[in-house]
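S.K.: I am attaching a structure below and will ask some questions about it afterwards.
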Amino acid sequence: YKSGLRDGSYKSWYENGETRSEWAYSNGERNGPYVFYHEDGRLWQKGVMSGGERCGEWLEDDATLTYDPCPSGGD
């Protein structure tokens, strides 16, 4: 936390020890790279967050999703 807001890297795990998710907070919002995995370790979602919102191109399972472009410096 920084000034009462979440700030810095975040990582979570499944009970089996596999990584569940990785992202970062800045000023209390999710900002930067975001990665989420299935319980068996396969990639589920990968993209960039800016101001707590998805932006740019995201991979989700076998699909590519496109959101509004990330603001300059968002990735």
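The values are calculated or read from the model by the stated rules, or taken from the named source; none is laboratory data. As the structure is a computational prediction, the values presented were derived from the model and not from experiment. Backbone-built Cβ (ideal geometry, glycine too); neighbour counts: all protein chains shown.
S.K.: Search the range 8-53 for residues being aromatic (Phe, Trp, Tyr) and either assigned to a strand (DSSP E or B) or touching a residue at least 40 places away in the same chain (Cβ under 8 Å) (or both), and hand back the single one that is nearest to PRO69 (Cα to Cα).
M.R.: Applying the filter and picking the extreme gives TYR34.
S.K.: Scan the range 50-65 residue by residue and report those that are surrounded by 14 or more Cβ atoms within 10 Å (Cβ to Cβ) and either at pLDDT below 95 or polar (S, T, N, Q) (or both).
M.R.: Scanning the range 50-65 gives a single hit, SER50.
S.K.: Here is a further query. Would you be able to tell me the number of residues in the range 44-59 that are out of contact with any Gly (no Cβ under 8 Å at 6 or more places or on another chain) and under 25 Å from GLU18 (Cα atoms)?
M.R.: Looking only at that region, the number is 4.
S.K.: Hey, another quick one. For the range 20-49, which residues satisfy the criterion of being more than 9 Å from the chain's Cα centre (by Cα) and either surrounded by 14 or more Cβ atoms within 10 Å (Cβ to Cβ) or closer than 24 Å to LYS2 by Cα (or both)?
M.R.: ARG20, TYR25, SER26, ASN27, GLY28, GLU29, TYR37, TRP44
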